[in-house]
Amino acid sequence: MSETVGAAVDKVLGPAWLIEASVPEFAKVLPSFIAPEKFARWGLSVIRKGLGGGMTEQAGKQREAWQRVLACEPGRLSLMSALMDCASMGLEPGRTFHLVPFGSEITGITDYKGEIELIYRAMRQPVIAMLVRQADTYTPQGACTPPIHKYEPFTDRGSIVGGYAYAQFAPHVYSLVAEMSEADFLKHRDKAKTKSVWDEWPEDMRLKTLVHRLRKWVPWSVEIT
């Protein structure tokens, strides 16, 4: 027997009600500068965007993926788990933390901008992350000295061969430089559950991986210090 229209609507609207009911739980983990009601609105906006969109083939695939996730209990639980992870880092769902439907569940992915934001909150100093391509000139200068990276920005620079990231503590004082080759990036891609995200956003995912490695070596904070 096919499900009723009301049951189908409940499957879609249920997560919205669950998010609104979870505002007190978000409040327990959110940093002080983000109101839990505001965070809940961010989460609801991501769901509406996922279920909406235009008439393109890509929008249709996204809508189907979200409907599949929201139609089952494990999918709805994975959504709330990802949102709680996002809240605990004080990031914004849909902008610095992405909710990606994968199979019947949601996978949370921190954007490279989110990784940088976590470091910047603690240090209030610049974070640099760059990808290196085949035609570039790249010269390492030491463990805690930024490399010399020269390139022509308006020409075909070729394929990505690696990347680097570092943070500045003070004038002429830098963190350890995180360096990764394209082979390193591909190892992370091969281990990722969401390989399709790597293929759709190759530069962003490589930058995110670089800054995530850097975050292990420098101060970072959920709160703004």
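The values are calculated or read from the model by the stated rules, or taken from the named source; none is laboratory data. Bear in mind that the values here come from a model prediction, so they are computed numbers and not experimental data. We place every Cβ from the backbone using ideal geometry, glycine too, and count neighbours over all the protein chains shown. Accessible surface is based on the protein model in full, side chains and every heavy atom, while ligands, DNA and RNA are left aside. Shrake-Rupley method; radii C 1.70, N 1.55, O 1.52, S 1.80 Å.
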**Q.** Selection count, region 61-82, where residues are part of a helix (DSSP H, G or I) and touching a helix residue (DSSP H, G or I) at 6+ places or on another chain (Cβ under 8 Å)
**A.** 13
Q: Just need a number here: residues in region 140-197 that are open to solvent by less than 60 Å² (accessible area, probe 1.4 Å), among the charged types (D, E, K, R) and over 30 Å from GLU105 (Cβ atoms).
A: 1
Q) Mind checking which pairs have a first residue in region 54-83 that is closer than 14 Å to SER104 by Cα and a second that is open to solvent by 40 Å² or more (accessible area, probe 1.4 Å) and polar (S, T, N, Q), Cβ under 9 Å, 6 or more apart or different chains? A) ARG68/SER104; VAL69/SER104; ALA71/SER104; CYS72/SER104; PRO74/SER104; GLY75/SER104; SER78/SER104
Q: Tally the residues that are surrounded by fewer than 19 Cβ atoms within 10 Å (Cβ to Cβ) and of a type in the set (Gly, Ala, Ser), restricting the search to region 96-137.
A: 4
Q. Are there any pairs, at least 6 apart or on different chains, whose C-beta atoms fall under 7 Å, with the first in region 100-115 and closer than 15 Å to VAL222 by Cα and the second surrounded by fewer than 21 Cβ atoms within 10 Å (Cβ to Cβ) and of a type in the set (Lys, Arg), and if so, which?
A. GLU115/ARG215
Q: Kindly indicate whether any position in region 3-20 is open to solvent by less than 40 Å² (accessible area, probe 1.4 Å), modelled with pLDDT of 90 or more and in a helix (DSSP H, G or I).
A: yes
(Q) Need pairs with beta-carbon distance below 7 Å; first residue more than 25 Å from ALA71 (Cα to Cα) and within region 14-38, second polar (S, T, N, Q) and open to solvent by 20 Å² or more (accessible area, probe 1.4 Å); sequence gap 6+ or separate chains. (A) VAL29/SER88
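Which residues, taken from region 162-208, are closer than 20 Å to THR145 by Cα and under 22 Å from the mean Cα position of the chain (by Cα)? Reasoning before the result, please.
Step one: list which residues in region 162-208 are closer than 20 Å to THR145 by Cα, which gives 162-181, 207.
Once the filter is applied, which keeps residues that are closer than 20 Å to THR145 by Cα and under 22 Å from the mean Cα position of the chain (by Cα), region 162-208 yields GLY162, GLY163, TYR164, ALA165, TYR166, ALA167, VAL177, ALA178, GLU179, MET180, SER181, LEU207.
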